[in-house]
1. Filtering segment 276-308 down to residues that are under 30 Å from SER159 (Cα atoms) and at pLDDT 85 or above, which residue is surrounded by the most Cβ atoms within 10 Å (Cβ to Cβ)?
2. How about segment 77-105: which of its residues are surrounded by 23 or more Cβ atoms within 10 Å (Cβ to Cβ) and of a type in the set (A, V, I, L, M)?
3. When you look at PRO252, is it open to solvent by less than 60 Å² (accessible area, probe 1.4 Å), under 24 Å from GLY111 (Cβ atoms) and either at pLDDT 85 or above or not in a helix (DSSP H, G or I) (or both), yes or no?
4. Just to check your reading of the model, which residue among ARG107, ARG29 is farther than 21 Å from GLY360 by Cβ, of a type in the set (D, E, K, R) and within 18 Å of the chain's Cα centre (by Cα)?
5. Being of a type in the set (A, V, I, L, M, F, W, C) and open to solvent by less than 10 Å² (accessible area, probe 1.4 Å) is the filter here, so list the residues in segment 10-33 that pass it.
6. Here are the criteria: (1) β-branched (Val, Ile, Thr); (2) surrounded by fewer than 20 Cβ atoms within 10 Å (Cβ to Cβ); (3) in contact with a Cys (Cβ under 7 Å, 6 or more places away or on another chain). Tell me which single one VAL344 does not satisfy.
7. Here are some conditions: (1) touching a residue at least 24 places away in the same chain (Cβ under 8 Å); (2) outside any helix (DSSP H, G or I). GLN191 meets all but one. Which one does it not meet?
8. All but one of (1) modelled with pLDDT of 80 or more; (2) open to solvent by 10 Å² or more (accessible area, probe 1.4 Å); (3) in contact with a Ser or Thr (Cβ under 9 Å, 6 or more places away or on another chain) hold for GLN227; state the number of the condition that does not hold.
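The values are calculated or read from the model by the stated rules, or taken from the named source; none is laboratory data. Remember, it's a predicted structure, so these values are computed and weren't measured experimentally. With ideal geometry, Cβ positions are generated from the backbone for all residues, glycine too; neighbour counts draw on all protein chains shown. For accessibility, only protein heavy atoms count, side chains too; no ligands or nucleic acids. Shrake-Rupley method; radii C 1.70, N 1.55, O 1.52, S 1.80 Å.
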Amino acid sequence: MSFWHRTSALRWWIIGIVMLGTMLNYLTRSTLAVAAPSFMVDLHIDEQQYSYITAAFQGGIMLQPVVGYILDVVGLRSGMALFAAGWGLLSMAHGLAFSWQWLFALRGMLGFAEGTSHTGGLKVVSEWFPARERGFAGGIYNLGASAGAALAAPLVAGSIALWNWRAAFVVTGVLALLWALLWLANYRTPQTHPSLSKQERDLILSGQEAHIQERAERPSPLRLLAQRNFWGIALPRFLADPTWGTLTFWMPLYLVKVRGFNLGEIAVSAFLPFIAADLGCMFGPALALFLQRRGISLINARRWTFTVGALLMTGMVFVASVESAWLAVALLCLGGFAHQTLSVTVITMASDLFPRNELGTVAGLAGTFANSSILIFSLLIGGLVASLGYGPFFIALGLLDLVAALLLWTLVKAPR
């Protein structure tokens, strides 16, 4: 009898691999921000041009519906490996860039390839976990998002110190290629995985609600867009995700240009909000489960959890106004914690509301709205920060999630 047959814990190994893939996904996308103070000087790039480069990534990742549809059609094993190999090679190609236009093109292609992060992760959670475990499974794979962004600061800063900014992109790209091989070697569906015990397979299948079972027809984006539950997820994500875009793409520049941090201080400080975000990934599912055990329904437990996160996000209002640079970092940490508390909650909610064979498309469409807001916010920062400063943008981040919480309560209808 194999180890997995004895332990009936194969599903947690699978989600651990997904978490590692999500970590490398966010590591490769976060490399740009940490390397920005170095390559912007080397390539003579200003903040307006940098905003175009970050916007290109968001434009590419807004094609998540295409990525999600591909994953729904070809399956997770082949699809995830293909896209991971793509983002690894594209990340390495960043090291060859000699102009902002080159980076612009590469970031757009990288954004498309990296659209598998939440689309693929949600499908794995839906296929491999019963309803009562999906919140924690979603939190675990989302740990990779903040862990990858956190790892970027010391890894990229170390690569720049040892070699140069170009080497940092090569290192992160190689890691993504290695993950693609790991995925191919380990992933199968619960129906076909040779190491899955009958006991664990029965546990997974017995915990699946009827309304999320796969349907015979292929997912229809137009039909999904007509459902209020889709908008109940997509609109809150549209309002919430500028926080993550700001932490990922603009925080290092803010700490260097406004707070006067050097490369060493960035290596120490820029990963801290993402460590706090890791805690938020676990706090959100834990709070939702706590509420469920006290008689609150699954959907309402997720709504209350999102609301708590939105209230905590109001601390971001004061980031630019406090005198202490390290107090500003602490408030950014609170923002990272609060954002992942509510973000994991609303992303996982899709697996509670939609059939498994539609999840990739649902996640892709919702991801388009989320990333379009990051694109808009990034362009606004790039165009207006010189005249307005960062203060108005931090105030907006602190308040938008309160509106998102109201929409979540208003639009989402629990399935019967």
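1. If we filter segment 276-308 for residues that are under 30 Å from SER159 (Cα atoms), which is where we start, we get 276-281.
Next, from what is left, pick out any that are at pLDDT 85 or above: 276-277, 279-280.
On the way: ALA276: 21, ALA277: 29, LEU279: 16, GLY280: 27.
So the residue we want is ALA277.
2. Of everything in segment 77-105, those that are surrounded by 23 or more Cβ atoms within 10 Å (Cβ to Cβ) and of a type in the set (A, V, I, L, M) turn out to be MET80, ALA84, LEU90, LEU103.
3. Here the answer is no, as PRO252 does not meet what is asked.
4. Working: ARG29 fails: farther than 21 Å from GLY360 by Cβ.
Just one listed residue meets the conditions, ARG107.
5. Let us first name the residues in segment 10-33 that are of a type in the set (A, V, I, L, M, F, W, C), namely 10, 12-15, 17-20, 23-24, 27, 32-33.
Passing the criteria: LEU10, ILE14, ILE15, ILE17, VAL18, LEU27, LEU32, ALA33.
6. Unmet condition: (2).
7. (1)
8. Answer for GLN227: the failing condition is (3).
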